[in-house]
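The values are calculated or read from the model by the stated rules, or taken from the named source; none is laboratory data. Remember, predicted model here, so these are calculated numbers, not experimental data. Cβ placement follows ideal geometry from the backbone for every residue including glycine, while neighbour counts extend to all protein chains displayed.
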2 protein chains.
Amino acid sequence: MASEKILGYLDSHRDEHVDQLVEFLKIPSISSQSDHDQDTRRAASFVADELKELGLAVEVVDLGGHPLIYAETEIRPDRKTLLFYGHYDVQPVDPLDLWDTPPFEPRIENGIIYARGACDDKGQVYTHIKALEAYVRQGIELPVNVKFIIEGEEEAGGESIYKYTEQNAEKMACDAIIVSDTALYNETTPGICYSLKGLAYMEIQVTGPAMDLHSGSYGGTVQNPGNALAEIVAKLKDEDGRCLVPGFYDDVLELDQEERDGFAELGYTDEILCKETGASAAFGEKGFTTLERMWARPTCDVNGLLSGYGGEGAKTIIPANAMAKVSMRLVPNQEPEKIAKAFTDYVLSIAPAGVKVEVIDHHGANPVLVPRKSDMMKAGMSALEQGFGAKPVFIREGGSIPIVGTFQKCLKSPVLLLGYGLSTDNIHSPNEKFHLDNFWRGARTSAILMEEAAKQG
Amino acid sequence: MASEKILGYLDSHRDEHVDQLVEFLKIPSISSQSDHDQDTRRAASFVADELKELGLAVEVVDLGGHPLIYAETEIRPDRKTLLFYGHYDVQPVDPLDLWDTPPFEPRIENGIIYARGACDDKGQVYTHIKALEAYVRQGIELPVNVKFIIEGEEEAGGESIYKYTEQNAEKMACDAIIVSDTALYNETTPGICYSLKGLAYMEIQVTGPAMDLHSGSYGGTVQNPGNALAEIVAKLKDEDGRCLVPGFYDDVLELDQEERDGFAELGYTDEILCKETGASAAFGEKGFTTLERMWARPTCDVNGLLSGYGGEGAKTIIPANAMAKVSMRLVPNQEPEKIAKAFTDYVLSIAPAGVKVEVIDHHGANPVLVPRKSDMMKAGMSALEQGFGAKPVFIREGGSIPIVGTFQKCLKSPVLLLGYGLSTDNIHSPNEKFHLDNFWRGARTSAILMEEAAKQG
């Protein structure tokens, strides 16, 4: 077993790898802002160049959006194959004034690197590249075939990777897909995420009079779209937070006892929740613990309300229209299309008199469930334990990673959601960060995973 | 009776008066925008100078805001006294791009003058000044003492006129107060407004987590301020639009049969309402006609909703807070303070768990009711009939004119709400206008009113 040499290489190149990560993080590859298109392309080249230097066959694929990078080592049929997924693009940086230092001038302080993309997802992508580098630079034969698919449209909702995966399933064939875009359970406990929530994102539009009306001149004579919208939204959930859309819970896969026990053992408390969120109390569906609700119960949340006057002081109008954005996070085996339709039908059925109500289906994502018992899951757990020096736990995640569903459907391989970040790493927020310890441990984990995967079945 | 000479003068000076009005309208006296403070002061001087030229004793009073103009003719104790109220300041002009021609370059087309302030309130104020001029320039003794109180803060919510009225009740003593800041019933029917609604303007603030949360990471675990706000707002009214705040209707003065009959005779239909507003249907409290609801029933309307994300597409957050502005238009004998307190108590009592709910009382105004049977009302009706050549009707108004309540309280004189505008004159909107026929008829009415008032009791 070559572990020691590999891990020795990673240990002795820590500073060099951080320096290289700093260069990667300096590139403002904000995919949703077209004035950064050049930067986004530069970040793609950065990744492609590193993979080329490590001897991989690299394709930079242009499907109309930002470049997609596909790369693979020499493929030997007698070896298992791992496909590593990640993205080199980053979120916008607003509000800029809340950053302690500029988002694209990485700063290291107390073993933490601060920069946009540090955790989501450049830092995590880089762990896999550095793991591969350890083998290549040491001249040690790779225990597995390695493939990379690194995209540049994750934060912009781009379609390239979906198209590519659907058309290249054979090329991308693998024994496991490694997705490092989630988080550890907490600072001391690594975890493998085995379920992601899906999503149905809806918008309700209520239209009343042709223009804002003087609330004195016309008050009491016409339906007020703001009041009508509130009526509709209020009927989406009961007072315990249980969704009232008919059939909403029909397809929900209930937690098994082992999962509930596992969650309970993690010791997540409402105190922790309130500290993390600043909320005064936990709230939600009866009969479930907070962690069960967070990880395994579908939700229905207002994301935005907008109607009439929102400025200072008073403006006395009956607004011409009102809008609510409402997202439902779905769990296995709910289907976004079915839920979106049930939601639409329900909202139209409760539409108050005197206004026009429309429902827009923005987008959806399938929930993900990965079997906890598989050879590859075993390999992942073992790698994590060795890489982080602590026993990993099974976790779930309330967020959605839509591409995972597509990977499962097209590639039919198990997905290992192996996240090295922390939920407090401020992804999508000012002062995004990544603990260098987790960066280094992540690289070790990825390197060990290649060996562990080779050993299985 | 000097009517013929007076009216002859007004008729033969029509064009000259319009030319003068044009000069008045050219002054951009937007009281709420401090970069127009010089203009606002210029509009005050314009009014003060005209009144001085007509021989009145004029005071330009500075109480910290825009100047208040108080003026009076020689006061002879054997004559009745009329106090004319109006304002020389105007609303802002946004959105400027919706004006067909610039708001401060008055344009006359098909007998209509278009400009900011044409109807609200410069054009109406000017009718009284021109009526007075007719007497003075003809050397005809005034049948009444005339006082003017013309303010420059009506559109900016200024306090000057309230302070002045409270401190100068004796000086302002009069037999009737003429307020021309409302509208005719319609294009062919003049009216005297005998009731204005009051106002209680409230804001509900719901606060949840310390920051916007990722709706995946924390969905289902904490109360969502957007959902909570919708629950509260939905409970403000039942599905027929009847307000659910306890005690809301307790003090409502019910319409008497004569009023209901009078309203019915006006022939206002839901078809007219839908045409005026663009609403698809009328809506509101059962047991009342649309006009009864508009003029004589208290209302409860959302003026604004704001929470989380209101932009294009999707943002998956649990908003940190949510806000609703809600105004209640009050009718005699509801009291704004009492209603504001009932509203606050009720909202706090229905506040959902897990969020902090606060209620802000922005401001209130008392409803106004003027007895329909009085000498001065008779004088007003007679003047209107002669001035407009059509039988006037009694109307009410859903809007509020807060100063009227203060006049009633401090001066204890009947208020004649003698409006010469039309509800379609786009006050507060682009392309504000005033029909020149109504301008001229208004001046005649004001002139005749002086004689009619002198004749009474």
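Structure notes:
- Hey, A:Arg372 facing another protein chain (nearest Cβ under 7 Å) and either among the aromatic types (Phe, Trp, Tyr) or touching a residue at least 40 places away in the same chain (Cβ under 8 Å) (or both) or not: no
- Pairs with Cβ under 7 Å, 6+ apart, first in segment B:107-119 and not assigned by TED's automatic domain parsing to the domain that holds B:Gly86, second assigned to a strand (DSSP E or B): none
- Residues that are assigned to a loop (DSSP other than H, G, I, E, B), surrounded by 23 or more Cβ atoms within 10 Å (Cβ to Cβ) and not acidic (Asp, Glu), drawn from segment B:80-89: B:Tyr88
- Unique match (being crowded, with 20+ Cβ neighbours inside 10 Å and outside any strand (DSSP E or B)) among A:Pro92, A:Pro103, A:Pro77: A:Pro103
- Pairs where the first residue, in segment B:271-290, is on the phi > 0 side of the Ramachandran plot and the second is crowded, with 20+ Cβ neighbours inside 10 Å and assigned to a helix (DSSP H, G or I), C-beta under 6 Å, 6+ apart: B:Gly284/B:Arg293
- So B:Phe343, is it surrounded by fewer than 21 Cβ atoms within 10 Å (Cβ to Cβ) and of a type in the set (Phe, Trp, Tyr): no
- Test: residue in segment B:194-203 that is at pLDDT 95 or above, facing another protein chain (nearest Cβ under 7 Å) and over 30 Å from B:Asp251 (Cβ atoms): no
- Given (1) at pLDDT 95 or above; (2) surrounded by fewer than 20 Cβ atoms within 10 Å (Cβ to Cβ); (3) over 21 Å from B:Gly111 (Cα atoms); (4) not hydroxyl-bearing (Ser, Thr, Tyr), number of the condition B:Met1 does not satisfy: (1)
- Within the option set A:Pro332, A:Pro298, A:Pro352, being in contact (Cβ under 8 Å) with a residue 60 or more places away in the chain, assigned to a loop (DSSP other than H, G, I, E, B) and either more than 10 Å from every other protein chain (Cβ to nearest Cβ) or of a type in the set (Lys, Arg) (or both) holds for one residue only, A:Pro332.
- When B:Leu54, B:Leu10, B:Leu83 are checked against the criterion of being under 25 Å from B:Val404 (Cβ atoms) and hydrophobic (A, V, I, L, M, F, W, C), B:Leu83 stands alone in meeting it.
- Residue list for segment B:90-117, filter: among the aliphatic types (A, V, I, L, M) and more than 12 Å from B:His428 (Cβ to Cβ): B:Leu96, B:Leu98, B:Ile108, B:Ile112, B:Ile113, B:Ala115
- B:Lys373 under 24 Å from B:Glu258 (Cα atoms) and of a type in the set (Lys, Arg): yes
- The test for being of a type outside the set (Phe, Trp, Tyr), modelled with pLDDT of 95 or more and crowded, with 24+ Cβ neighbours inside 10 Å holds for A:Val233.
Quick grid of which residues meet (1) over 26 Å from A:Arg329 (Cα atoms); (2) touching a residue at least 40 places away in the same chain (Cβ under 8 Å); (3) buried (at least 23 other Cβ atoms within 10 Å of the Cβ); (4) among the charged types (D, E, K, R):
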{"position": "A:Lys130", "(1), (2), (3), (4)": "yes, yes, yes, yes"}
{"position": "A:Gly139", "(1), (2), (3), (4)": "yes, no, no, no"}
{"position": "A:Gly158", "(1), (2), (3), (4)": "no, yes, no, no"}
{"position": "A:Tyr162", "(1), (2), (3), (4)": "no, yes, no, no"}
{"position": "A:Asn186", "(1), (2), (3), (4)": "no, yes, no, no"}
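- Residue count, segment B:221-235 (criterion: over 19 Å from B:Tyr309 (Cβ atoms), facing another protein chain (nearest Cβ under 7 Å) and in a loop (DSSP other than H, G, I, E, B)): 1
- Residue match in segment A:48-70 (condition: within 25 Å of A:Pro414 (Cβ to Cβ), assigned to a strand (DSSP E or B), over 23 Å from the mean Cα position of the chain (by Cα) and without any contact (Cβ under 8 Å) to a residue 40 or more places away in the chain): yes
- Within the set A:Arg79, A:Arg107, A:Arg116, the sole residue that is closer than 20 Å to A:Gly421 by Cα and more than 21 Å from the chain's Cα centre (by Cα) turns out to be A:Arg107.
- Considering (1) more than 30 Å from B:Asp301 (Cβ to Cβ); (2) more than 7 Å from every other protein chain (Cβ to nearest Cβ), the lone condition that A:Asp345 does not fulfil carries the number (1).
- Some residue of segment A:241-251 being outside any loop (DSSP other than H, G, I, E, B), in contact (Cβ under 8 Å) with a residue 60 or more places away in the chain and crowded, with 16+ Cβ neighbours inside 10 Å: yes
- A:Met376 vs. criteria outside any loop (DSSP other than H, G, I, E, B), in the same structural domain as A:Gly117 (by TED's automatic domain parsing), closer than 30 Å to A:Tyr164 by Cα and not β-branched (Val, Ile, Thr): yes
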